[in-house]
Amino acid sequence: MPISADRFEEIDNDEGQPRPETNAARILEFLEERASEAFTQTEIAEATEVKRGSVGPTLVRLRERARVDHRGQYWRISDHGRSVDAATNHTSEVAASHEETPFEYDEWQEYAVDPREQRE
C-alpha cells in the first residue's frame, strides 16, 4: 500500500541514532557510559539484559556504522561515534540558541557580500 511523501520522510533510514529501547540503543548506552573500558559480548549481554544471541549481530551492525570498535574478544564505543554524537549535540544546541533570538537582518546586511559585485 502506498504511503504519503510526508510519511516517507519520517521513516528512519537507520543512519542516525537507533530507536530507543532497541538492542542497539541499550548496547550503545551501556558502552557510552563506560567509554574508557572494553567488554566481551557476554559482559555486554549480562549488563544490558540483551539476549546473548542478539548481542553479536547487533555489535556487528554497530561496527559497520562505525559506532563501536572491536579487537579480539572485546568491544568498546568508537571514538568516531562519540565525536559524531558530540557534534550532533553541539549543532542542536547552537540551533536552539539561534531560535531564541530573532535574526537581525540589518546587522547581517552590513557584512553581507553580493556575489554579483565580486565577479571579475
On the phi < 0 side of the Ramachandran plot, surrounded by 10 or more Cβ atoms within 10 Å (Cβ to Cβ) and among the hydrophobic types (A, V, I, L, M, F, W, C) - does that describe any residue in the range 9-25? yes
Is there a residue in the range 74-88 that is exposed (fewer than 10 other Cβ atoms within 10 Å of the Cβ) and out of contact with any strand residue (DSSP E or B) (no Cβ under 9 Å at 6 or more places or on another chain)? no
Residue list for the range 26-44, restricted to those being surrounded by fewer than 17 Cβ atoms within 10 Å (Cβ to Cβ) and among the small types (Gly, Ala, Ser): Ala35, Ser36
Being in a helix (DSSP H, G or I), within 19 Å of the chain's Cα centre (by Cα) and not hydroxyl-bearing (Ser, Thr, Tyr): is that true of Ala24 here? yes
From (1) within 20 Å of Glu21 (Cα to Cα); (2) more than 20 Å from the chain's Cα centre (by Cα); (3) hydroxyl-bearing (Ser, Thr, Tyr), pick out the condition that doesn't hold for Thr58. (2)
Could you please tell me which pairs satisfy a Cβ distance under 6 Å, a separation of 6+ or placement on different chains, a first residue in the range 53-69 that is under 18 Å from Val84 (Cβ atoms), and a second residue that is of a type in the set (D, E, K, R) and surrounded by 13 or more Cβ atoms within 10 Å (Cβ to Cβ)? Asp69/Arg76
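Values quoted throughout were computed directly from the atomic coordinates according to the rules given, and no laboratory measurement underlies them. A quick note: this is a predicted structure, and the numbers were derived from the prediction, not measured. Positions of Cβ are generated from backbone atoms using ideal geometry, with glycine treated the same way; all protein chains shown enter the neighbour counts.
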